[in-house]
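Asker: Please read through the structure below; I'll follow up with questions.
Just so it is clear, none of the values below were taken in a lab; they were calculated from the coordinates. Keep in mind the model is a prediction, meaning the values are calculated, not measured. For neighbour counting, all protein chains shown are included, and Cβ atoms are generated from backbone atoms with ideal geometry for every residue, glycine included.
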Amino acid sequence: MSFKVLKAGLFTTVQDLGRYSYQRFGMSVAGAMDPFSPRVANILVGNKESEAVLETTFMGPTLEFNSSEAIAITGADMAPKINGRPAPMWKTILVRQGDLLSFGGVKSGLRSYIAFSRGLDVPVIMGSKSTFTRGKIGGFEGRKLSDGDQIGFERDLTLSKGSYLKDVQIPEYRKDDSVRVVLGPQDDHFPEESIETFLSSTYSITNEADRMGYRLEGEKIIHKDGADIISDGIVFGSIQVPGHGMPIIMMADRATTGGYTKIATVITPDLSKVAQMGPGSKISFSKVSAKEASEIYRENEKRIEEIRDHIAASTFNLNETRSMNLKLKGKSYSIEVNEIV
Amino acid sequence: MYDKVKYLPAGDSALTMEFGNEISVQINKRIRNTVTAIENNPPEGLRELIPTYRSIQVIYDPMLSDFEKMVQGLEEVMGSVGEGGEDNYRIVEIPTCYGGDYGADIEFVAKHNDLTVEEVIRIHSSTDYLLYMLGFTPGFGYLGGMSEKIATPRLEVPRTIIPAGSVGIAASQTGIYPIDSPGGWQLIGRTPIKLYDPLAEVPVLLNAGDYVRFKPISEDKYKEIQRLINENKYEVNIIHNGEVRLDVL
């Protein structure tokens, strides 16, 4: 009842939706960078949305299953394969003992998520299974996965029906994108022109972009009276502007507090977009009010509710999944067929 | 302290309650009392509070609340904030090797303030610092009470890696890095003491309300203490309710 990590990939960690309630001790939240994808992957395998998944960045792992399991792969398209044959994304997949899950190169997006119906058997620390590598806690031994690791499952496989998303429900990842922000908490530390610069310029994501934060490069943002504040709280999506005038977006492994002025905060539904962009991508910012942000948040939750409804309504029997090879006009295809219930 | 608390938006799931724009024992005490009041009577949708020097980060569930509703709920709680206090405190001694490879920025700090390196060490280690808050990384304590004579702005470009145990200065604040992490503080020394040990029974050494006392040590002493720590033979010197040195040179 486990799987073996034959190749760990570039940066693969166990993540759930984060370790909340301990930030006052300086404990970072960690959790999935793109919260949308693991939530949907978990729904596809019959889990609660906050169950721990694998998050893999840029280059995916190779996993060997020692028992049958229902999985779902969402997020970035890294050309997943099962036993060398292309595997579907955003859809429940039944894997059997001895099956190999591997990945090719990344085609769009940056981070893929793999959900497991039987759950990952790693300890719950301070209410969460998320790996916080800088603090060396959580997930699998507090670290990213290495070749040869073996991770157990928590429970028996009870899922008998799989499902999938409608094409329109699958997000498209772009190299250049616009994200929405709420100004503040320290927007009053910047002159009017600087806010204008921030909202009208395009910023490139530098190579210093990881789970902790994304350093951006572009038009310099000038402060009224210095970049330092008395250190206060930071949230997922806080945009800090240090003395050099280049914004930094604070991400999942962010520090809980910090002492640079924060010009704005990325709204939660757009964090998934940021998480799927990497070095070299370009970001521009548009402003929404706190009230609008709250409405957008609720619309986005409604979208996930619709996905949940569709998944519940469009099922197939997992055991009935058949793979076959097909020749069409001289070309070979590998297809998967499910009986629709 | 402001006459009225300021409420600042921090995205769709959080807001900042700001009580003032200075580091003061009075504001910090007001914050600790406010946290207690909010916890005793939490507004609908409240998820988590991060108290800091002069503000509280209020994190809420945006499905159950929004900025306006949360402000209203918090305002109602503010009426019941008490004046409690605490009498028990610890003074925690932190042996620190100043300068050299351990504190690469100490000469900059000295030059910036027209002092010698020895004067910086003397000023930094002759007062006890109140730990106002934990934050930034696990076990990082923000300390108050540093002399303005050694205040130095943060680095313009933060370092990408600072070793655990580093003692630094940022504007009028001083602190110790518990884990290897990026940061923009001016580094003046390093302690072999572990402030954060994920495998220890109590992973975080310092608590809000403690006093921290820096004790200058030589490089040899640093290495000796480090060896004792590795062999699990070192005990941190903690003085309970001792005399606090608050005379800032």
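Asker: Fewest to most neighbouring Cβ within 10 Å: what's the order for A:His189, A:His244?
Answerer: If I rank by nearby Cβ atoms, fewest first, I get A:His244, A:His189.
Asker: Next question. Run the numbers for A:Ala312 and A:Thr202: contour at 0.36 nm per residue of separation, minus the present Cα-Cα distance, in nm.
Answerer: Computed gain between A:Ala312 and A:Thr202 is 35.5 nm.
Asker: So, one more: Return the FRET efficiency for the residue pair B:Asp3, B:Ala200: r is the Cβ-Cβ distance, R0 is 45 Å, and the value is rounded to the nearest 0.05.
Answerer: E(calc), rounded to 0.05, equals 0.55.
Asker: In addition: Which GluC sites (Glu not before Pro) in segment B:16-81 pass both tests, a DSSP loop state and at most 13 other beta-carbon atoms within 10 Å?
Answerer: B:Glu22, B:Glu44
Asker: Please give me, ordered by residue number, the trypsin sites (Lys or Arg not before Pro) of segment A:23-54 that lie in loop per DSSP and have at most 11 other Cβ atoms within 10 Å.
Answerer: Taking segment A:23-54 and a limit of 11 other Cβ atoms within 10 Å, the loop trypsin sites (Lys or Arg not before Pro) found are A:Lys48.
Asker: Roughly how tilted is helix B:25-40, in degrees to the nearest 10 and between 0 and 90, from the longest Cα axis of chain B?
Answerer: Tilt relative to chain B: about 50 degrees.
Asker: What pairs from A:Lys48/A:Lys107; A:Lys81/A:Lys107; B:Lys194/B:Lys221 go past 18 Å between their alpha carbons?
Answerer: Check vs 18 Å cut-off fails for A:Lys48/A:Lys107.
Asker: Taking R0 as 51 Å, what's the FRET efficiency between A:Glu295 and B:Val244 from their Cβ-Cβ distance, rounded to 0.05? Walk me through the numbers on the way to the answer.
Answerer: On the way: r = 51 Å, r/R0 = 1.00.
So the FRET efficiency works out to roughly 0.50.
Asker: So, one more: Evaluate the distance, in nm, between pseudo-label points positioned 7 Å from the Cα of A:Ser334 and of B:Lys149 along their respective Cα→Cβ axes.
Answerer: Rounded to a tenth, the inter-label distance reads 7.4 nm.
Asker: Can you pull the Kirkwood radius for the protein assembly as shown, inverse mean 1/r over Cα pairs, to one decimal in Å?
Answerer: Answer for the protein assembly as shown: a Kirkwood hydrodynamic radius of 25.6 Å.
Asker: Rounded to the nearest 10 degrees, what's the angle between the helix B:219-230 long axis and the longest principal axis of chain B, both from Cα atoms, 0 to 90?
Answerer: Roughly 60 degrees between the two axes.
Asker: Which distance in nm do the two modelled labels at A:Ser21 and A:Asn83 give, with both placed 7 Å along the Cα-to-Cβ direction?
Answerer: If labels sit at A:Ser21 and A:Asn83, their model points lie 4.4 nm apart.
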